[in-house]
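Worksheet: one structure, shown below.
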Amino acid sequence: EEALVEGAAQAGYVFTEQSVRVMKDGSTTELYHVKKDGIERVYEKLAVNDFTSTRKRMSAVFKTPEGKYVVFAKGADMMMELNCGVDIPAVAKQHMQGFAVDGLRTLVIACKPLAESEFLEWKQEYDAAKNDILNRSERLAKAAERVEMGMEYIGVTAIEDKLQEGVPDAIASLRQ
């Protein structure tokens, strides 16, 4: 996440603050304050589809200052292509291959706008899944898959994967 925030800042989008709005019913919503060209905009985080080792991606749904809904996702290139329908340009694939050769971990970033009715229908499914005691994981994965389908490519990231102390030496020993 730090690399994504730093990359966004280099593109002129500066994360300035995270705050919380308390709703009338006592629930809370996270707000993200972002400056672009000196103008601050506030985005409301509405839902998060967590990363799992099976899904190999995560996503979050936001409401923009204009009142529009958008889902952003980051994940392994293959999963983003196969499960989210992201069309990764050939030049990006070449860059990712070079990054992988350099030992960097890559992630594909994508987004998709949602109509309000589409969001509200999906949010009902998501909330029901979150409250399901018996089949929560399966239902959350299904809801995530549904909202993440048909996403548009934004870009790729590459970052050094910091391993726990001693792991690089263990891997080197195993290779010998």
Next item on the list: Consider residue 49 carefully, then state whether it is in contact with a Leu (Cβ under 8 Å, 6 or more places away or on another chain) and surrounded by 14 or more Cβ atoms within 10 Å (Cβ to Cβ).
Entry: yes
Next item on the list: Could you grab me the full set of residues in the stretch 63-86 that are more than 13 Å from residue 149 (Cβ to Cβ) and either open to solvent by 30 Å² or more (accessible area, probe 1.4 Å) or in a loop (DSSP other than H, G, I, E, B) (or both)?
Entry: 63, 64, 65, 66, 67, 68, 72, 74, 76, 77, 78
Check: Given the residues 35, 24, 93, which is the only one that is part of a helix (DSSP H, G or I), among the basic types (Lys, Arg) and open to solvent by 70 Å² or more (accessible area, probe 1.4 Å)?
Finding: 93
Item checked: Matching residues, the stretch 112-156, being closer than 24 Å to residue 76 by Cα, open to solvent by 30 Å² or more (accessible area, probe 1.4 Å) and of a type outside the set (A, V, I, L, M) -> 113, 136, 137, 138, 139, 142, 145, 146, 150, 152, 153
Check: In the stretch 44-58, what residues are part of a strand (DSSP E or B), in contact (Cβ under 8 Å) with a residue 24 or more places away in the chain and under 20 Å from residue 28 (Cβ atoms)?
Finding: 46, 47, 49
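The values are calculated or read from the model by the stated rules, or taken from the named source; none is laboratory data. Predicted, not measured: the structure shown is a model, and the values here were computed from it. Virtual Cβ from ideal backbone geometry, glycine too; neighbours counted across all protein chains shown. Just so you know, the surface numbers come from the protein's heavy atoms only, side chains and all, with ligands and any DNA or RNA stripped out. Shrake-Rupley method; radii C 1.70, N 1.55, O 1.52, S 1.80 Å.
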